[in-house]
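What follows is one structure encoded as C-alpha cells, with my remarks underneath.
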Amino acid sequence: MNHFRELNASSLRSICDGAMLDFADTSEIEPLDQVIGQERAVRAIDFGLNMKSPGYHIFVTGSEGTGKTSIVKDIIGCYAKGLPIPNDWCMVNNFSDEYCPRVFEMPPGKGLPFSKVVTRLIEDIRRDLPKSFEGRSYQDRLSKIRKKFGEQQRLLFEKLELAAEEKQLRIASDETGYHAVPFEEEKPMTPEEFSKLNRNKKAQIEVNILDMQEKIDATIREINRITDQIAEKTQKITEDFTRLLVSGRFKQIRADFSTHTDVREFLDSILNDVVEHIDRFAPPEQPECDEDGNNDTDESFFRRYRINVLVDHHESAGAPVIFESNPTYPNVIGRIEKRSQQGALITDFSMVQPGSLLKANGGFLIMEMEPLLQNPFVWDALKRTLQNQLLAIEEISMDLGYAAATLRPQPIPIDVKVILLGGYELFETLQNYDSKFNKIFNVRADFDSEVSASAEVIAQYARFIARVCRDERLLPFTADAVGRVIEYGKTLVTDQKKLSLRLGSIVSLIKEADYWSKKDNESRVSSQSVQKALNEYRFRYNLYEEKIHESYMDNTILIDVDGSKTGQVNGLAVYQIGEIMFGRPSRITAEIFMGKPGVINIEREARLSGSSHDKGVMILSGYLGRMFARQYPIGVTISITFEQNYGEIDGDSASSAELCAIISSLSEIPIRQGIAVTGSVNQKGDVQAIGGVNEKIEGFFDVCQAKGLTSMQGVIIPQVNVGHLMLRKDIVSAVEDGRFHVYAVSTVAEGIEILTGMPAGTPDDQGNYSTDTVFGKVQHRIRNFFLRYRQYQKEMESSDASLFLAD
C-alpha cells in the first residue's frame, strides 16, 4: 500500500512575521553597505582587480536583475579611489612625418595647462616676432651686413666703370642686363654715328666691347656671389635672432618638464620648425583674407603647433572607471575625424579622438558583452589591444581594405583592466569557440540569483530596504512591510528557504509600495501598501491571463472540476508573458484500442510537441512495459493528447498526468476531475520536480473558485516541490478551511490512489497484481487484449486457409 501526504496550510507558504524583526521601521536600522549573498563573485572580482599580470581581465556572468552591473560599478569604484591618478596623454604633430603623429604622457592634470601654454606662446610669437624684426637691434645687424657687402659691390662697379672709360666705353643697363656701349662727347654713340666711323675705328670699338663684356660678366658674377652672401648672412641673423627669441620664450616651460624627454623633444621640434618656417610668422606681404579677416591656409599651417589632449585627469580622484554603454568601434578604440576644406575631406593629428580604452588607461573599463559583439570590428580590436598592450587608433576603412590616405598615430601603451558583463551562454560560447578569449579573460565572476534565507541574510535584506529608502528618499518601511518584501523575495525564487538576489525586482517593489503609501497619505510604508503594489503590478500586465480565465467560465475551453471520468485528467501548464507567469489547467485525454502497439503522441504527430515533451511521452512506454508487459505484451494503441491546444507544448511536467490518464483508460477506472496533476515521471514511476509549481496551483485554484469550490478539489504535486511552495494567502486560507487540498506524492502509484480512491497495487513474486487494485485491472485488461488479439490471428489464419482450399 502506497502512502501520499496531504499538505497542511503551514507547508504552503513561508511567513516572515514582522514581529520577528527587531525594529519598528527601517529608519531605525543602518542602511546596508555591502553585497548580499555574492561572496563567490565578490572574491573573484577582488582577485581579478589585484592580479596585475596580463590576461587577468574579468568576465562577469549572472542572471538579469541580480544587480551585477551596479555591484561591479560600486566595487570597482571604491577600489579605484585608492589607486594613483594615471598620467594625461597628448598627441602632437610629427614634424618629420605628419601622417604619423606622436604621443606622450604627462603628469596627471598637466596636459591641458601645457596645451594652453604652448598655444599662447605660439600666438605670442606670431604677434611679437614681426615686431622684433622691426626693432633696432635686428635692423642694425642687417644694416651692418648690407653696408659691408654693399661697399664691396660699389667698388666692383667703380672698377668696372674705370676700365670702361679707358676704352671710351660706358656701362648701360636694360631689361636684358648690363652692356658696354661706345660714347662720344659724353653721349652714347647712335648706330648711325657708329656706321660713319672708318673700318679700323669700328673694329677697335668692337674688340673693346667684347673685352669689356667679359669683364662685365665677371663683375656681375662676383656681385651675385656677394648678394648671396648678404642673403645667407641675413638668413643666419634672422634664424639666430628667431631661435634666441623663441628659446627664451620656451625657457620656463622647458625647465618645468626637464625630466620629461618626450616633452623636451617636442619643444625642440617646435623651435626648429618655427625657425624653418620663419616666413609664416613674418611674411613679407600681408596674406589674403576672407570677408571676416580669416586666412584658412594660414590657420591650417599653425594647427601643426597645437596639442591634442587625448586624456585629461585634472578633475580625477583615483584611477578612472569608465562604463561604456554603447561600445561601437569609435567609442571604444577611438576615431579620426575629418573636416571639409575647399571641397575635400582632410584630417590631422588634432582631429584624433580617444575611445573608452584610452580614457580608462591606468584604470578600469566596464562594458556589456552582447552590444559589444553586435558592433563590427570592436571585439577583434579589443583582444588585439589587450594582448599587445598597445592601442592603435586607426580608421575602420583600413580594416575594410579601402585605399585611403589617413593617419597612423603612434601606438599608445595600455594598462587597463577590462570587465565584461554577459550571460552564461555567451560566456560558454566564447570559451569554446574563441581561442584568444581564455588567454585574455582568465577571471570569471559568477553572480548567483538566490541565497539561503538565513537570519543574517534576512537582516541584510532589511538593511538593503533601508538603503533604498535612504538613497531614493522614500518613506520608511514598517517591520511588517519588510516581512512582506522578504516573502516576495522567496516567491521570486519559489523556495521557502531561499531569497532572490534579483534585487532589481525588489527595488521596483519598494518604489511602487512607497508610491501607493504616499498616495494614501501614509507616513510609513505598510504591508498593505506592499501587497497593493504587487496587485497593481499584476493588474497592469495580466489582461491575457484574464481573457484565458474567461474562456473557462463560458466553456470556450472545456474543463471539469468535479465528478469522475475515465481516461481524462486535468494537467497543468504555465504561460509566461514578459515577467508575468500564470498557470492554466488543460484537459488531457487518453484512448486505447487494438492496433499497432505503442503510444501515439497527437501533439508530436501534429508537430506541436517540443523535444522535452516527446521524451516524456517516450518514458511512459518504458514505465508501462516495466509494470505490465512482463507476461503479456501491451498489444494496444494508446492515443494521448492535450485537448483544445493549438500551440507548441514542451517540457515533461505533464508526463505524470498523461500516465494517470493512460492507466485510467486501461483500467476503465474513472478519475476525480476535481484533482489536477503536475509532475514529470521516470521509467521507474518516480515523480520528479517541475517548475512553476506555484503558478500551476494558483491557476487551477482560480478556475475551481470561479466554478465553485466543492471541498473535493485540489492539486497533486511532486513531493520534492513542497519546499518551493509560496502560494497566495487566499489559497493557504482555503486549504486551512478544508475547501482546497494540496497533495504531495513521490510515485505515480500514490497519485493514482488519490485520483481513483483505490489502492494502486503491489506485485507478488510473479509480478501479478490483485484484481481489486488499479494495476491489477490494468494487467487483467492487457491480458484480455492479448488473448483477443491471438484469437483474431487464429481466425484470420483459418480464413486464409479456407480461401486457399477453395481456390
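The values are calculated or read from the model by the stated rules, or taken from the named source; none is laboratory data. This is a predicted model, so every value here is computed, not measured. When we count neighbours, we look across all protein chains shown, and the Cβ atoms used for this are built from the backbone with ideal geometry, even at glycine. In case anyone asks, the SASA skips ligands and DNA or RNA and just uses the protein heavy atoms, side chains included. Shrake-Rupley method; radii C 1.70, N 1.55, O 1.52, S 1.80 Å.
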Handout entry: Computed over the stretch 410-482, Kirkwood Rh from alpha-carbon pairs, angstrom
Key = 16.7
Handout entry: Value of [θ]222 nm, deg cm²/dmol, for the chain, DSSP H segments ≥ 4, -39500 (n - 2.57) each, nearest 500
Key = -15500 deg cm²/dmol
Exercise for the section: Whole number in Å², please: accessible area per residue of the chain, 1.4 Å probe, ligands, DNA and RNA not counted. Expected result: 52
Practice task
Work from the charge dipole of the stretch 428-497 (Cβ charges, +1 for Lys and Arg, -1 for Asp and Glu, about the Cα centre) and give the residue of GLY489, SER454, VAL443 farthest towards its positive end.
Solution key: VAL443
Handout entry: All aspartates and glutamates inside 17 Å of LYS707 as judged from Cα atoms, apart from same-chain residues fewer than 8 positions distant
Key = GLU545, GLU546, GLU550, ASP554, ASP560, ASP562, GLU698, ASP730
Practice task
State the Cα centre-to-centre distance between the stretch 182-254 and the stretch 616-644 in whole Å.
Solution key: 122
Exercise for the section: Using label points projected 7 Å from each Cα along Cα→Cβ, tell me how many nm separate GLU214 and ASP140, to one decimal. Expected result: 4.7
Fill in the blank from the handout: Cα-only Rg/Rh for the stretch 95-222 with Kirkwood Rh rounds to 1.42
Fill in the blank from the handout: For the stretch 1-65, the charge dipole (Cβ of Lys, Arg +1; Cβ of Asp, Glu -1; about the Cα centre) points to a positive end, and the Cα of PRO31, MET51, ALA41 closest to that extreme belongs to MET51
Problem - Positive-end residue of ILE675, CYS78, MET212, charge dipole of the chain with Cβ unit charges - result: CYS78
Completion exercise
On the accessible surface of the stretch 725-772, probed at 1.4 Å with all protein chains in place, carbon and sulfur together account for a percent value of 46
Practice task
For THR478, THR176, give the ranking by accessible area with the largest first, probe 1.4 Å.
Solution key: THR176, THR478
Practice task
Determine Rg/Rh for the stretch 49-116; Rg is computed over alpha-carbon atoms and Rh is the Kirkwood hydrodynamic estimate from the same atoms.
Solution key: 1.17
Completion exercise
Under 17 Å by backbone N from the virtual spin label 7 Å along Cα-to-Cβ at ARG788, the residues of the stretch 614-647 are 632-639
Completion exercise
Here FRET efficiency (C-beta to C-beta, SER132 to PHE302, R₀ 22 Å, nearest 0.05) is 0.75
Handout entry: Over 25 Å (Cα to Cα) - which of LYS615/LYS684; LYS147/LYS236; LYS439/LYS498 fall in this group
Key = LYS439/LYS498
Completion exercise
Simple spin-label estimate for SER508/ASP22, 7 Å along Cα→Cβ, in nm, reads 3.5
Exercise for the section: Sketch the reach of a paramagnetic label on SER325 as a point 7 Å from Cα along Cα-to-Cβ, and name the residues of the stretch 355-369 whose backbone nitrogen lies under 16 Å away. Expected result: 356, 366-369
Handout entry: Candidate lysines - alpha carbon under 18 Å from LYS777, same-chain residues fewer than 8 apart omitted
Key = LYS565
Fill in the blank from the handout: Stokes-Einstein, Kirkwood over Cα pairs, the stretch 715-761, 4 °C, 1.567 mPa s; D in µm²/s equals 110
Exercise for the section: Sort out the exposed loop trypsin sites (Lys or Arg not before Pro) in the chain (DSSP loop, at most 10 other Cβ within 10 Å) and tell me the longest stretch that has none. Expected result: 53-472
Exercise for the section: Report in % the part of the accessible area of the stretch 125-281 that belongs to carbon and sulfur, leaving out ligands and nucleic acids; probe 1.4 Å. Expected result: 49
Handout entry: Within the accessible area of the stretch 465-583 (1.4 Å probe), percent carbon and sulfur
Key = 48
Problem - Label-point separation in nm, ALA317 to GLN353, each point 7 Å along Cα→Cβ - result: 2.9
